[in-house]
Structures are given as C-alpha cells and as structure tokens.
Amino acid sequence: MNPRGIVLKSPREIELMRVAGQLVRRVLAKMEEMADVGMTTAQMNAVAEEIIRQAGATPLFKGVENPEARFPFPAALCTSINEQVVHGIPGGRELCLGDVVSVDCGVRLNGYCGDSALTIAVGEVSDEVRHLMAVTRRALEMVIEDVKPGRMWSEIATELQSFVESNRLSVVRDFVGHGIGRRLHEEPKVPNYWDRRGKNRDFQLVEGMVLAVEPMVTLGSHAVEYGDSDRWVVVTKDRLFAAHYEHTIAVTSSGCDVLTQGDAAAARAGQPAGESSDESSS
C-alpha cells in the first residue's frame, strides 16, 4: 500500500480478479442477448442474479448503502435507460424500440471483485444516439491503449475529456471510476475529466494498480441530478440521453490488462474480444 492508500495487487490477485471479471463479462453478454423490445429490466436482473448464484459468486451492488437513499440498492444490476446515467433500479418498465439501456454489473468471487458496464441499443436508435455510444466506447478504448506505468492519470483524463468534447458531447463529472480489489470501491478515485483545481487528487500509474475506469457521456450538458424520490437513479438535468462503458483494468509493466473482457488473450492485448472499434452500437 502506498501513502495514497492505493493497494497494489500481486499477479495472483490479478488472476483472481480476472476470474471475477470473466463472470461479469458473461453476465453482460447475456444481457446483450436479452435486451429487446418488451423485455423488462427486472427480468434481465433475475437472469443475472441466477448466473451469479450458479457461479458461486455474490452480486456487489445488492445491499449497498447510500446515505442519501431511502433503502439499500435492491438488485444485482444497475439498469439505466435513456436519460438515466447510473444506478437505475431494475423494475417492470418494458424496453421500447429506440431505447438504450446501460447495464452495470459487479461481482465478488473467491474474495475478489470485477466490475464492468456497457450500453445496449434496443433495435435501431437515432444517429446522434449511435454517435454517443460509439464515442463513449471509443473513449474507454483510448484509456486502455494509453495506460502504462509512469503516466499521470491527469494526462489520460485530459485526453479522454478532450476527445469527448471534440465530438460535441459532455463528460459527467459528479460520478467517477475507482480502484477495485477485495472491495468494490478502493482508492484512488478515477475521474473521466480533469480540472487543475483537483491536482492534489492526481496519481501516477504503477504496475499492480487495478482500476475500474468508466466514462459516462451525455448528448447535452454534463449536469446531473437524482431522478426519483428514492435518490438512487441519476439522470441528466436536460433529460438528454447518456451512455456508460466500464472495464476493470490492471496496470502491467508494459501497459494495460483488461480483466473484464470476454477472452483472456484479447484482454492482455488490450483489444475487445469479439468487438470492433468502428462506430456501431453494442
């Protein structure tokens, strides 16, 4: 552990986190199959919980306390639709043609955590929403390509923000990524933007560091607010669509190892398994 409280992971711990990450990827792949017109997010969550249970794992989000919320989070998945950015609670709402649903999943398996998210289009979506999804996914891919020991996080966050804003979109600032290991949330906080006033929160990438990197991008303003009286779901203030992608990544001696990819070889190479980097929806 360094003075910032960042816990570095051994090769053995990283492999255990990869196993957890592969389970998360399997859950999300199933959610991609299920997300269709008429499907409810409650149905998606029920299947996710069964996959996690059968694997001998526990869902990370279920039971999480939020000091501002009326109750602990009640589900294994966060399912956030359209203008919902994060922390959407699965329920009886049916998905409609043209919706997008951001699905975030975390598990603990053999004592270690994996956390990942993606945004899924329900049938055909508008060109601007397709652009939003493509830019957000590409922003995460850029981070994966740029991570290596010795770099300051501020450099990577600045590049991410610049890329998103050059595409006439906005980066959410109220919610950020995080370190991850035996616990879901560890040090450091991992912002997707950079403000010089936060320079005391900057950190240098070091081999053995494991981060959950999760750009959240909107079609309009970066401003967000709680969207319901339960104070869980977060929505864009202007009610324009948002997208969210996340991977758990380990910093290696030469770059980045993605622990929540569908294929270990592709993960080590920093390439999304079974995905291309063209501007297409998930």
(Q) Among the listed pairs LYS9/LYS30; LYS30/LYS62; LYS148/LYS237, which have their C-alpha atoms separated by more than 25 angstrom in this model? (A) LYS9/LYS30; LYS148/LYS237
(Q) At q = 0.13, 0.28 Å⁻¹, what log₁₀ I(q)/I(0) does segment 12-80 have when each alpha carbon counts as one equal point scatterer in the Debye sum? (A) -0.43, -1.24
Q: With just the Cα atoms of segment 142-220, tell me how far they stretch along each of the three principal axes, in Å, largest first.
A: 36, 26, 25
Q. GNM, the chain, Cα, under 10 Å: largest mean-square fluctuation among SER254, SER162, SER116?
A. SER254
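So what's segment 182-238 giving for Rg/Rh, alpha carbon basis, Kirkwood Rh from the mean inverse pair distance? Kindly include the intermediate steps, with their values, before the conclusion.
Details: Rg = 14.7 Å, Rh = 14.2 Å.
Over the Cα atoms of segment 182-238, Rg/Rh equals 1.03.
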Q. How would you order 74-83, 94-103 from highest to lowest mean count of nearby Cβ atoms within 10 Å?
A. 74-83, 94-103
Q.
Pairs of alpha-carbon atoms within less than 8 angstrom and 6+ residues apart define the contacts here; what relative contact order does the chain have, in percent?
A. 23
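In segment 1-77, which GluC sites (Glu not before Pro) fall in coil by DSSP and have 14 or fewer other Cβ atoms within 10 Å? Mind showing how you got there, number by number?
On the way: sites: GLU13, GLU15, GLU32, GLU33, GLU49, GLU50, GLU65, GLU68; in loops: GLU65, GLU68.
For GluC sites (Glu not before Pro) across segment 1-77 that sit outside H, G, I, E and B with at most 14 neighbouring Cβ atoms in 10 Å, the list reads GLU65, GLU68.
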Q) Per residue, what volume in Å³ does the Cα convex hull of segment 64-125 take up? A) 104
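State, as an integer percentage, the relative contact order of segment 15-84 based on alpha-carbon contacts under 8 Å between residues 6 or more apart.
Working: 45 pairs, mean separation 16.1, N = 70.
Over segment 15-84, the number comes to 23 percent.
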Q) Using θ = phi - 60° and the Karplus form 6.51 cos²θ - 1.76 cosθ + 1.60, what ³J(HN,Hα) does each residue of segment 215-222 get, whole Hz, x for Gly and Pro? A) x, 10, 10, 10, 6, x, 6, 7
Q) Could you give the distance between the Cα centres of segment 166-199 and segment 99-143, to the whole Å? A) 16
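Which order do the peptides 209-217, 165-173 take when ranked by the mean count of other beta-carbon atoms within 10 Å per residue, highest first?
Numbers: 209-217: 26.8, 165-173: 17.3.
So the order, starting with the most tightly packed, is 209-217, 165-173.
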Q | Quarter of Cα convex hull surface for segment 11-268, i.e. mean projection, nm² | A | 12.8
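Quick note: the coordinates plus some simple rules give every number you see, no bench work behind them. Keep in mind that this is a model prediction, so the values were computed, not measured. Reconstructed Cβ throughout: ideal geometry from the backbone, glycine too, with neighbour counts over all protein chains shown.
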